[in-house]
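First the structure, in the form of structure tokens, and then the observations on it.
The values are calculated or read from the model by the stated rules, or taken from the named source; none is laboratory data. Computed from a predicted structure; not experimentally measured. As a convention, Cβ positions derive from the backbone with ideal geometry for all residues, glycine included, and neighbour counts pool all protein chains shown. Just so you know, the surface numbers come from the protein's heavy atoms only, side chains and all, with ligands and any DNA or RNA stripped out. Shrake-Rupley method; radii C 1.70, N 1.55, O 1.52, S 1.80 Å.
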There are 4 protein chains.
Amino acid sequence: MKQPVAILGAAGLTGRELILLFSRHPHLEAAVLTSDKYAGERVARVYPELDGICSLAFQKHTLDLPQGCPVLLATPDDVALQAVPELLSRGHRIVDLSGAFRLEPDLFLRTYGKEHPAPEALKEAVYGLPEIQRDRIRKARLVANPGCFPTGCVFILHRLAPFLGEALAVVVDAKSGVSGAGGRTEDAGFAYQNVYENFRAYKVLRHQHNPEIQLHSQSPLPVVFVPHLLPLYRGILSTIYLIWKEKAPDVPALLQQAALAEVFVRYRETPEEIELKKVQNSNYLDLSCRSQGNTTTIVSAIDNLLKGAAGQALQNLNLMLDFEEEAGLLRPVE
Amino acid sequence: MKQPVAILGAAGLTGRELILLFSRHPHLEAAVLTSDKYAGERVARVYPELDGICSLAFQKHTLDLPQGCPVLLATPDDVALQAVPELLSRGHRIVDLSGAFRLEPDLFLRTYGKEHPAPEALKEAVYGLPEIQRDRIRKARLVANPGCFPTGCVFILHRLAPFLGEALAVVVDAKSGVSGAGGRTEDAGFAYQNVYENFRAYKVLRHQHNPEIQLHSQSPLPVVFVPHLLPLYRGILSTIYLIWKEKAPDVPALLQQAALAEVFVRYRETPEEIELKKVQNSNYLDLSCRSQGNTTTIVSAIDNLLKGAAGQALQNLNLMLDFEEEAGLLRPVE
Amino acid sequence: MKQPVAILGAAGLTGRELILLFSRHPHLEAAVLTSDKYAGERVARVYPELDGICSLAFQKHTLDLPQGCPVLLATPDDVALQAVPELLSRGHRIVDLSGAFRLEPDLFLRTYGKEHPAPEALKEAVYGLPEIQRDRIRKARLVANPGCFPTGCVFILHRLAPFLGEALAVVVDAKSGVSGAGGRTEDAGFAYQNVYENFRAYKVLRHQHNPEIQLHSQSPLPVVFVPHLLPLYRGILSTIYLIWKEKAPDVPALLQQAALAEVFVRYRETPEEIELKKVQNSNYLDLSCRSQGNTTTIVSAIDNLLKGAAGQALQNLNLMLDFEEEAGLLRPVE
Amino acid sequence: MKQPVAILGAAGLTGRELILLFSRHPHLEAAVLTSDKYAGERVARVYPELDGICSLAFQKHTLDLPQGCPVLLATPDDVALQAVPELLSRGHRIVDLSGAFRLEPDLFLRTYGKEHPAPEALKEAVYGLPEIQRDRIRKARLVANPGCFPTGCVFILHRLAPFLGEALAVVVDAKSGVSGAGGRTEDAGFAYQNVYENFRAYKVLRHQHNPEIQLHSQSPLPVVFVPHLLPLYRGILSTIYLIWKEKAPDVPALLQQAALAEVFVRYRETPEEIELKKVQNSNYLDLSCRSQGNTTTIVSAIDNLLKGAAGQALQNLNLMLDFEEEAGLLRPVE
């Protein structure tokens, strides 16, 4: 028998991916799906392509969940901030996909302009990037699943952090499809006529993921971060520039070695081979790099809805529940 | 009566734009159009949307042109390298849209791996970015029209060059549609299935426009340059990162002032307002910027086929022939 | 001096095209532009790509217009229904781009479920398809500009109407980009994620343009009509099927001849040559056909915003004011 | 242990889908994959997104296959015409995805202009549309997998065939993404710049699938068929028009009932609900319809690479090998 799992806020883009992932997981199954907007409606009615894959209906948001059942929060930040302390007190283990528990108290205050309302829970939250926190995740009660943009660069910068004292500048230029840029379908900025044949930067130097990148990459230098909106649906490609005081260290060797130890990180020979097509519908982080003179350029690609959200959440849950880390994640997901 | 103009290599993407531009120019008209591939065919047969706009036929490549007629070269580099000395000796004034005459002899050798075959002509070539070389262009016999990527950043860096001695790093992350990435329709990399829903970097740190940017921007620091391929047809957006030793100088004021003096440069209040939609089918360079701490991010956008090629060539020709700089260029072009 | 023109409802997609068209018209210029939504804002602020092309600002909706000035109505139906009688009484000549005056009273009642509120004005309205109503348009006070879908087929069916008594069936399968399908940017159905990589029929056998096609094509048979939404921005391609009792008449010869007499209709040799790329940004109707056995297939293409709306409105206005029919319309428009 | 299967011509678009499908099949596994072009290369090298999913390498085309192993032919017609008789004589059961064995001898001659070279094999070929040939498929040695366009309409027309004697006309207007239109990546017609923002009909009344539709639908009337190329990658939507002599029969009831009996056919309430998004990456045929007066419009949608090719081939193979018909087919496939 499979272990039941609850997904709160299950009707959004990320929720849909989670439902698909659990539908093929060998040990886990989605048992409770909440959505205030679609409460009472069958999943297959809201997402017709899930017909035959998920027979559940959405129910109203609730914290009354089957005892001991792990919980995934795919809700807005404020819902997560309220739900987490209560769920912890009821003994649930949690993967929170919102941004609510990713920053330290001071940084949270500076980023969101208010005190963190659940400092006790925050204290025990573990940042859910398995490639850098695997052991702590295994034992965590609360895992803060990383943002999609940080997932494209934090692992890389974290591995290079010991060398970044010798760098002059660290720049992350990120490009995301509409599903990663957070657009709601009613937002004119995401209307077909404003996206097709168009391209633009947004929240230049002001994106809420910037402090998250800074904190968890442990970069001794400020990380400059600018996101852009691509005329496509899914995927984030990040181009990372490291400018060194002197000659670049052997970044290709460092990253290739780092990738070898990880099931979901693939190093490719040249940065020109990194493309969104190769990671869409998968949980992989693809990367490669090239150095020249005192400059290193690293290119990485992820599927923002999987490695950048739902896939990574499942990877974390697998670790927390002592399953194989890759359980239910090696097949492409649509 | 209008002054006749010859376009050599007129059947490519840039040639098509030139034909359109001359069709509405108040003082100039295309009189000779060459294309070995389409010699003998009417323009409207090759480009049906030019039916009613251009009644000429393409003819075979030739240097026997009407005496005194200005010449635009939209040919490959090697054709331009051969044609230019001969055309100069016949008394033609030339705007060369190829990459043949943009670099100094040493840089040309390092970039293309061979000596420049026409050093005398090269000596008198003027780099055709009106915003930085207007006076020399007026008197030039040979103007080397800039590449599309350099057009997106050289003016900006050139204006800031006096301050760049105080910078630690200069990075240009450029994103181009397929028409700027030089793809031929037979190239599998530009097949619909390989472009749609996809994004990738190419020629990472190795693009032939990099030396051109370095030379003409007069940046005292190396300019790091990486181009990317967008799933769209026309436009280049460049994100430029300047990392300063100390606090950033007042780049917004500098660029706003620089823009005010230029008919084809528009400064917008925030970098989020810069987008391809606003420059497509125009000869404008749009730009804006934001500084924070020791970082400045500048975003610029151009239509690669107009300001990045045919439009700028006409702007140069207007200067050479003492017409208003904007003649035939203020309307959107399709 | 140019003749001033007023455009009511000038801030929509069609209004934007009209502004562009008048900006290059040899004899006419936009003088009054109304938009309640953007009253007081400069056109170039709402449509930045019109910077340098139009220096006017939008003003509130009003019927107090310069005396004798021709009026284009690009408003919703109900605004046009109210405005037209008043404008006529003030002596203005009108091209109405809405659907308000295209149907006879009975058909209007059946289509919209209410009596036409301005029967007197309706009586004198002339259907503004110049290819079938040129002489009446010249003298009209009120021209009802055709819908975009009817423009793709009415001229064709009207020319073939004398033969359609010998047909068994007439089917129009039309495919439109989002700008022709009437979507507002806030409508989730037109969000990028619901349009890209997608295709669907809509208003199957129930589109409001069906009665308009039936009436003005003068087809003795019912015209079956189904529109579809393409994942692109502009253009309508219509595939028209005629099934004949016996062998098909010589439709290619009939249509080729019909096209020869018209400045904005182009007959091409094979139906495979008809494509949206060739008509976008132009005022042309392209068409071709093939017969086999008792079947004829006709393919037509237009730019829905130009020949299907703003361009045709200007073509009508040119006729009404005794200018050349093609004045200001032969160049591609962006 | 899983039953091994051979796929000849496995490196094409359809082959890739087959590899994915077998990777998750409960009883079958791909054991031999041939491709002359990629012989010796690992599948994951040609299709990087299959890394971790398929560890095989392509081998040269061969008929020396494991004894008794079922064979799927995803080769061009001429390769299948040569291979099938030999494979049958060696005792293999075959699903042929090419067009080689779908037509009767006379029709083959008229369609391809040459005698069928393997008339004995042709005689025993069963048309592989499970919804109309299920029992014969179970026992077949050779199944001719239907073309993608026929899959979108033959089942529907076949069910209605008893009524079509009362019809005046049957029209199928089909719209396909590039993967269904058979374009190779080197074909300029499928270059990004010729597909995006474009739409056109092709092979009007002359597509090779037309005779296949006519034959297997058993329509007593000629079926008029025109395919179109959509600016998207996967999916075919067909709009079917039936014009009746008198009032339409109760088509909705007939089709709804037909769908109920089929695992891979879904009837939806309104034709506006049929869209490509809902069938992409699935093996479903979605359909709905509406009648009005003497007209019925039916809309259907499939994923051309799955229900229109690889998925249906597996559905057939499941039947031939006495597995559940839906084995390995209920999950979305990417």
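Amide H to amide H distances under 5 Å link D:L28 with D:Q3, where only residues 5 or more positions off or on other chains count and H is placed in the peptide plane.
For the segment B:239-251, counting C-beta atoms of other chains within 10 Å of every residue's C-beta and taking the mean gives 2. Counting only DSSP beta bridges with both residues in the protein assembly as shown, tell me the antiparallel percent, nearest 5. In the protein assembly as shown, approximately 50 percent of DSSP beta bridges are antiparallel ones. Normalising by the residue count of region D:72-153, find the relative contact order in percent from Cα pairs under 8 Å and 6+ residues apart. Computed value for region D:72-153: 32 percent relative contact order.
Ascending distances from the C:E262 label point to its copies in the other chains, with the point 7 Å along the Cα-to-beta-carbon line: 4.0, 4.6, 6.1 nm. Rounded is the label for the protein assembly as shown, because a/c, from the alpha-carbon gyration tensor with a ≥ b ≥ c as root eigenvalues, stays below 1.5.
So if I take the centroid of the Cα atoms in region B:143-181 and the same for region C:187-218, what is the distance between those two points in Å? If we compute the Cα centre of each part, the gap is 45 Å.
Distances between copies at A:A39, taken between label points 7 Å from Cα along the C-beta direction, are 4.2, 6.5, 7.8 nm in increasing order.
Across peptide B:168-174, the mean count of Cβ atoms from other chains lying within 10 Å of each residue's own Cβ comes to 6.
Partner lysines whose Cα lies under 19 Å from the Cα of C:K114, excluding those fewer than 8 positions away in the same chain, are identified as C:K123.
For region B:13-25, backbone phi angles converted through the Karplus equation (6.51, -1.76, 1.60; θ = phi - 60°) give residue-by-residue couplings of 4, 6, x, 4, 5, 4, 4, 4, 4, 5, 5, 10, 7 Hz, Gly and Pro being listed as x. Just so you know, the averaged projected area of the alpha carbon convex hull for region A:150-302 sits at 9.0 nm².
Any idea of the accessible area per residue across region C:40-159, 1.4 Å probe, to the nearest Å²?
Numbers: 5160 Å² over 120 residues.
The answer is 43 Å² per residue.
Tally Lys/Arg at +1 and Asp/Glu at -1 over every other residue whose Cβ is under 15 Å from the Cβ of B:A261; what's the total?
Numbers: positive: B:R134, B:R159, B:R266; negative: B:E131, B:D135, B:E262, B:E325, B:E326.
Net charge in that neighbourhood comes out at -2.
Rounded to the nearest percent, how much of the accessible area of chain A (1.4 Å probe, protein heavy atoms only) is carbon and sulfur? The partial results should precede the final answer.
On the way: 5540 of 11480 Å².
Exposed carbon and sulfur together represent 48 percent of the surface.
Expressed to the nearest 5 percent, the antiparallel share of DSSP beta bridges inside region A:150-302 is 70 percent. Under a 5 Å amide H cut-off, with hydrogens placed 1.01 Å from N, B:S282 pairs with B:D303, B:V333 among residues at least 5 apart or on other chains. Across region D:73-87, computed HN-Hα scalar couplings (Karplus, 6.51 cos²θ - 1.76 cosθ + 1.60, θ = phi - 60°) run 9, 10, 9, x, 3, 5, 5, 5, 4, 6, 6, 4, x, 5, 5 Hz from first to last residue, x flagging Gly and Pro. Taking the centroid of alpha carbons for each part, region C:278-329 and region C:1-76 are 23 Å apart.
Please list the non-local residues whose amide H lies under 5 Å from the amide H of D:R266, H modeled 1.01 Å from N, same-chain partners needing a gap of 5 or more. The answer is D:L285, D:D286, D:L287.
Return the value, in Å² to the nearest 100, of accessible area buried between chains C and A (probe 1.4 Å, both sides summed). Present the calculation step by step, with values, prior to reporting the outcome.
Details: alone 14840 and 14850 Å², together 28300 Å².
Rounded to the nearest hundred, the buried surface is 1400 Å².
Once the label point is set 7 Å along the Cα-to-beta-carbon vector, what list of distances in nm do you get between B:C69 and its counterparts in the other copies? Taking the point 7 Å beyond Cα along Cα→Cβ, the inter-copy spacings are 4.6, 6.7, 8.0 nm. Counting only other residues whose beta carbon sits under 10 Å from that of C:F58, what net charge do I get with K and R as +1, D and E as -1? Combined, the nearby Lys, Arg, Asp and Glu give +2.
Whole-Hz Karplus values for region A:63-68 come out as 9, 7, 10, x, 4, x Hz, taken residue by residue from phi with 6.51 cos²θ - 1.76 cosθ + 1.60 and θ = phi - 60°; glycine and proline positions read x. Among the trypsin sites (Lys or Arg not before Pro) within region A:111-145, those in coil by DSSP and having at most 13 neighbouring Cβ atoms inside 10 Å are A:K114.
For C:K245, a cut-off of 13 angstrom between C-alpha atoms picks up these aspartates and glutamates, skipping any fewer than 8 places away in its own chain: C:E166. Per-residue mean of foreign Cβ neighbours for C:198-210 is 6 (Cβ atoms of other chains, 10 Å radius).
For region A:113-194, state which GluC sites (Glu not before Pro) are in a DSSP loop and have at most 11 other beta carbons lying within 10 Å of their beta carbon.
A:E115
What is the antiparallel percent of DSSP beta bridges lying wholly in chain C, to the nearest 5? Percent antiparallel among DSSP bridges in chain C is about 50.
Of all aspartates and glutamates in the structure, the ones whose alpha carbon falls short of 12 Å from that of A:K2, not counting any fewer than 8 places away in one chain, are A:E29.
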